[in-house]
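Only one structure is covered here, and it is reproduced in the block below.
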């Protein structure tokens, strides 16, 4: 009997020792490193650093909030109650900049809607069939495309029976990658590079519901390239007053957004801008760009890139923005195609 009790106690002590070992291992190698990483990323976001490597984390606020919640669940399982509370608070602080960027569908005064599709065709696509089929069946009035390689130019040309009007920059620059397609006549075409190494912009005017408007498509570089202009980090001319204000990263992306804002300032007030902007709606660059140009994304955002990852790991970097008397009334992601981006589909209406 005593031998049996001793064995039971030994087994019980062994189980407790094993649980203590597992708990300590999870704390040391999972919970602690994850918490430190989430805190550091939050610190980078709060401090609004100019450094490229530190500023990029603001784009991942949604994923960081999710990581904080998962880590909080682990802390609860390990009965680290205070630790779990801190992680829940961290999740909330990461989510705060995201929530204002998520909007409800807007209401327009008239029932008519202009349907717009924006798509990154992808430089390295091996097949065009799924994308061309999606565009042909999209019912779009206007299509804005970026990463249009020579192979894609040929494929897009097959849509001319539906979209006879187009604006591209092929004749302006051999490396042009943007194109606008339209069912409606386009006038006053504008196409070209905004400045040295800045993005291409294609734009045109049209009459819709008896009123003039402008549509444009662009492709801004990713947020990992450092600024080229060492003096200001924003504008080519040191005497220029930047249109984008605030504490912004010292990136080429911000410089391109500054150049884009200056061009958009010269375009008509009623404008729709679409494209791959390589930035989330809550990033400092995009918020500054919207403030400088009057563009809005009140209909929200969709997780569009990379399309091959699960939705919760994607970033919303493809956008359709509007200003003036135009409003985005709905905004959704399209089906998966041959690209690493999901296309985005918007409906536009007149405010009054």
_Taking R0 as 22 Å, what FRET efficiency do you get between residue 291 and residue 47 from their Cβ-Cβ distance, rounded to the nearest 0.05?_
0.60
*asked:* When only alpha-carbon atoms are used, what values of Rg and Dmax, in angstrom, describe the stretch 220-352?
replied: 15.4, 46
_Explain nothing, just the number: relative contact order of the chain, from Cα pairs under 8 Å at least 6 residues apart, as a whole percent._
19
*Taking Cα atoms, how many degrees apart are the long axis of helix 81-95 and the longest axis of the chain, rounded to 10 and kept between 0 and 90?*
0
_Simple label model, 7 Å out from Cα along Cβ direction - residue 115 to residue 81, nm_ = 5.6
*asked:* I want to check the label-to-label distance for residue 133 and residue 193. Put each point 7 Å from Cα in the C-beta direction and report it in nm to one decimal.
replied: 3.8
*If the convex hull of the alpha-carbon atoms of the chain is projected onto planes in all directions, what is the mean projected area in square nanometres?*
23.1
*Could you give the nm distance between label points at residue 124 and residue 265, where each point is 7 Å from its Cα heading toward the beta carbon?*
3.8
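Any read-out appearing in this document is the output of simple, stated calculations on the displayed coordinates, not a laboratory observation. From a predicted model like this one, the values you see are computed outputs, not experimental measurements. In this analysis, Cβ positions are derived from the backbone assuming ideal geometry, glycine residues included, and neighbour counts consider all displayed protein chains.
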